[in-house]
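J.: The structure is given below, and queries will be raised subsequently.
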Amino acid sequence: MGDTKDWPGVAEVKYEYLDHTADVQLHAWGATLAESFEQAGVAMFGYMTEIEKVDVSYTYDIQATGSDADSLLFHFLDEWLFAFSAEPFFIPRTVKIVEFDREQWTLKARGWGESFDIAKHPQGTEVKAITYSNMQIHENEGRVDTYVIVDI
């Protein structure tokens, strides 16, 4: 855990929730693949609680590795889900990818937030797992869209 002096602030919301039977599909977008991943991470946490109620108390770092963009996105979200599901039950207000290697399909990311507290954070829907089901990444000039179905 680190201090919060380098917190970049709250990012503009670039995600939405799409109906899907028995699951939820996260649709996130950004100007780059990294920003789209960041937005997908925040979208997942926003589904689990009211993200506006999360204070920035400390930072938490994760690393993820994949064999392509889809598997990297899967492992990125899975690492964040693990951070929430185990000590310190971390929930970020903001997620930023600090290193992104498209040749090796690795990344390092930092979250700014706090430990989840049921007395403070309204409980939304529990995300049980990330899935590859219908995962899509669409890269166009100036915009990257990601679609991820999470098991609830």
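The values are calculated or read from the model by the stated rules, or taken from the named source; none is laboratory data. Keep in mind the model is a prediction, meaning the values are calculated, not measured. Neighbour counts run over all protein chains shown; Cβ positions are idealised from the backbone, glycine included. Keep in mind that these areas ignore ligands, DNA and RNA; they rest on the heavy atoms of the full protein, side chains included. Shrake-Rupley method; radii C 1.70, N 1.55, O 1.52, S 1.80 Å.
J.: Could you go through segment 74-85 and let me know if any residue there is within 21 Å of E35 (Cα to Cα) and assigned to a strand (DSSP E or B).
T.: No, segment 74-85 contains no residue that is within 21 Å of E35 (Cα to Cα) and assigned to a strand (DSSP E or B).
J.: Same structure, new question: Could you check V150 against (1) among the aliphatic types (A, V, I, L, M); (2) out of contact with any strand residue (DSSP E or B) (no Cβ under 8 Å at 6 or more places or on another chain); (3) not in a loop (DSSP other than H, G, I, E, B) and say which number it fails?
T.: Of the numbered conditions (1) among the aliphatic types (A, V, I, L, M); (2) out of contact with any strand residue (DSSP E or B) (no Cβ under 8 Å at 6 or more places or on another chain); (3) not in a loop (DSSP other than H, G, I, E, B), the odd one out for V150 is (2).
J.: Still on this structure, I have one more. Cβ contacts < 9 Å: first residue closer than 18 Å to W29 by Cα, restricted to segment 1-16; second residue open to solvent by 70 Å² or more (accessible area, probe 1.4 Å), any location; separation 6+ or different chain. Result?
T.: That search, which allows pairs on different chains as well, returns V10/E52; A11/K96.
J.: Of these, S67, S71, which one is small (G, A, S) and open to solvent by 30 Å² or more (accessible area, probe 1.4 Å)?
T.: Only one candidate qualifies: S67.
J.: Sticking with this structure for a sec: Among the residues of segment 131-147, what is the count of those that are touching a strand residue (DSSP E or B) at 6+ places or on another chain (Cβ under 7 Å), on the phi < 0 side of the Ramachandran plot and in contact (Cβ under 8 Å) with a residue 60 or more places away in the chain?
T.: Final tally of qualifying residues: 9.
J.: Here is a further query. Looking only at segment 90-122, how many residues end up being touching an Asp or Glu at 6+ places or on another chain (Cβ under 8 Å), closer than 13 Å to D55 by Cβ and basic (K, R)?
T.: Going through segment 90-122 one residue at a time, the tally reaches 1.
J.: Restricting to segment 108-139, name every residue that is under 19 Å from H75 (Cα atoms), open to solvent by less than 50 Å² (accessible area, probe 1.4 Å) and in a loop (DSSP other than H, G, I, E, B).
T.: If the condition is that a residue be under 19 Å from H75 (Cα atoms), open to solvent by less than 50 Å² (accessible area, probe 1.4 Å) and in a loop (DSSP other than H, G, I, E, B), then V127, T131, M135 are the ones that fit.
J.: When both residues are 6+ apart or on different chains and their Cβ atoms are under 8 Å apart, which pairs have a first residue that lies in segment 105-120 and is among the polar types (S, T, N, Q), and a second that is open to solvent by 10 Å² or more (accessible area, probe 1.4 Å) and in a loop (DSSP other than H, G, I, E, B)?
T.: Sorted first by the residue in segment 105-120, then by its partner, the pairs are T106/G66; S115/S57; S115/P88; S115/F89.
J.: Sticking with this one: Here are F76, F82: which of them is modelled with pLDDT of 95 or more, loosely packed, with under 13 Cβ neighbours inside 10 Å and closer than 18 Å to V127 by Cβ?
T.: That would be F82, the only listed residue that is modelled with pLDDT of 95 or more, loosely packed, with under 13 Cβ neighbours inside 10 Å and closer than 18 Å to V127 by Cβ.
Yes/no per residue for (1) on the phi > 0 side of the Ramachandran plot; (2) touching a Ser or Thr at 6+ places or on another chain (Cβ under 8 Å); (3) open to solvent by 70 Å² or more (accessible area, probe 1.4 Å); (4) among the hydrophobic types (A, V, I, L, M, F, W, C):
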{"residue": "G2", "(1), (2), (3), (4)": "no, yes, no, no"}
{"residue": "Y15", "(1), (2), (3), (4)": "no, no, no, no"}
{"residue": "D19", "(1), (2), (3), (4)": "no, no, yes, no"}
{"residue": "D23", "(1), (2), (3), (4)": "no, yes, no, no"}
{"residue": "L26", "(1), (2), (3), (4)": "no, yes, no, yes"}
{"residue": "W29", "(1), (2), (3), (4)": "no, yes, no, yes"}
{"residue": "E35", "(1), (2), (3), (4)": "no, no, no, no"}
{"residue": "I51", "(1), (2), (3), (4)": "no, no, no, yes"}
{"residue": "D55", "(1), (2), (3), (4)": "no, no, yes, no"}
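J.: Tell me which residues, restricted to segment 87-97, are aliphatic (A, V, I, L, M) and exposed (fewer than 12 other Cβ atoms within 10 Å of the Cβ).
T.: Residues satisfying the conditions do not exist here.
J.: Right, something else. If we keep just the residues of segment 4-13 that are hydrophobic (A, V, I, L, M, F, W, C) and open to solvent by 70 Å² or more (accessible area, probe 1.4 Å), which is modelled with the highest pLDDT? Outline the logic, then answer.
T.: Start the filter on segment 4-13 by keeping residues that are hydrophobic (A, V, I, L, M, F, W, C), which leaves 7, 10-11, 13.
Still in the running and open to solvent by 70 Å² or more (accessible area, probe 1.4 Å): 7, 10, 13.
Values: W7: 88, V10: 87, V13: 91.
Top of the filtered list is V13.
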